[in-house]
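**Student:** My questions all concern the structure below.
The values are calculated or read from the model by the stated rules, or taken from the named source; none is laboratory data. The structure displayed is predicted, hence computed values, not measured ones. Cβ sites come from the backbone with ideal geometry, for glycine too, and all protein chains shown count toward neighbours. Each accessible area value is taken on the protein alone, full model and side chains, heavy atoms only, with ligands, DNA and RNA left out. Shrake-Rupley method; radii C 1.70, N 1.55, O 1.52, S 1.80 Å.
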Amino acid sequence: MPITTRQNVRSACCSCGQLQVTTTGDPVRVSVCHCLACQRRTGSAFGVQARFPRAAVTMSGRGTQYVRTADSGKTVTSTFCPECGATVYYELELLPGFIGIPVGAFADPGFTTPQVSIYEEHQHSWVTLSPDIVHES
């Protein structure tokens, strides 16, 4: 299934295309997270996610949820495809009213550049980010 981007409407999906989200408007934040949970969730050195207002996101397909407790003590509910296992979106109890979507699910190399980097105490030594990025602790 092709991934499309037009007039601030973006589509993201899992690897097999069964679980999808469509967003309208621009993300309110795009961030790089180096926490250990994001490293495990992505199987990579960090996660990159875009945050959208809940009202700007439409979901379709079947998803399975995994709930974990974040460093904040609040829950993170990740929704992934039960067929291929890819995480397509997640919700943070700490930020009700917003949906996080892994940027890779958009499969768009021109996606908005991350503005913020967090949990850098877990950042791999070989990772280099843009000098313009804001570093939050």
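**Student:** Got a sec? Which of R54, R41 is crowded, with 17+ Cβ neighbours inside 10 Å and among the basic types (K, R)?
**Tutor:** Details: R54 fails: crowded, with 17+ Cβ neighbours inside 10 Å.
Answer to the check: R41.
**Student:** (1) more than 24 Å from I133 (Cα to Cα); (2) more than 11 Å from the chain's Cα centre (by Cα): which one isn't true of V88, the others all being true?
**Tutor:** Status for V88: all satisfied but (2).
**Student:** So if I check each of A55, A37, which one is outside any strand (DSSP E or B) and at pLDDT 95 or above? Quick ask: steps written out before the conclusion?
**Tutor:** On the way: A37 fails: at pLDDT 95 or above.
Every option except A55 fails the conditions.
**Student:** Among the residues of the range 18-34 satisfying the criterion of being open to solvent by 10 Å² or more (accessible area, probe 1.4 Å) and not in a strand (DSSP E or B), which is nearest to V67 (Cα to Cα)?
**Tutor:** Among them, the one singled out is Q18.
**Student:** Further, regarding this structure: Mind telling me which of the residues P109, P96, P82, P131 ends up being outside any strand (DSSP E or B) and within 18 Å of N8 (Cβ to Cβ)? First the steps, then the outcome.
**Tutor:** Numbers: P96 fails: within 18 Å of N8 (Cβ to Cβ); P82 fails: within 18 Å of N8 (Cβ to Cβ); P131 fails: within 18 Å of N8 (Cβ to Cβ).
Only one candidate passes the filter, namely P109.
Matching residues to (1) crowded, with 16+ Cβ neighbours inside 10 Å; (2) out of contact with any Ser or Thr (no Cβ under 7 Å at 6 or more places or on another chain):
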site: T69; (1), (2): no, no
site: G85; (1), (2): no, yes
site: Y90; (1), (2): yes, no
site: L94; (1), (2): no, no
site: G97; (1), (2): no, yes
site: F106; (1), (2): yes, yes
site: P109; (1), (2): no, yes
site: Y119; (1), (2): yes, yes
site: H135; (1), (2): no, no
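**Student:** Across the range 57-67, what is the number of residues that are open to solvent by less than 70 Å² (accessible area, probe 1.4 Å) and not hydroxyl-bearing (S, T, Y)?
**Tutor:** Of the range 57-67, the ones open to solvent by less than 70 Å² (accessible area, probe 1.4 Å) are 57, 59-61, 63-64.
Next, only the ones that are not hydroxyl-bearing (S, T, Y) stay: 57, 59, 61, 63.
Looking only at that region, the number is 4.
Conditions (1) at pLDDT 95 or above; (2) touching a strand residue (DSSP E or B) at 6+ places or on another chain (Cβ under 6 Å); (3) over 15 Å from G47 (Cα atoms), marked per residue:
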{"site": "D71", "(1), (2), (3)": "no, no, yes"}
{"site": "T75", "(1), (2), (3)": "no, yes, yes"}
{"site": "P82", "(1), (2), (3)": "yes, yes, yes"}
{"site": "Y89", "(1), (2), (3)": "yes, yes, no"}
{"site": "L95", "(1), (2), (3)": "no, no, yes"}
{"site": "P102", "(1), (2), (3)": "yes, yes, no"}
{"site": "G110", "(1), (2), (3)": "no, no, yes"}
{"site": "I118", "(1), (2), (3)": "no, yes, no"}
{"site": "S130", "(1), (2), (3)": "no, no, yes"}
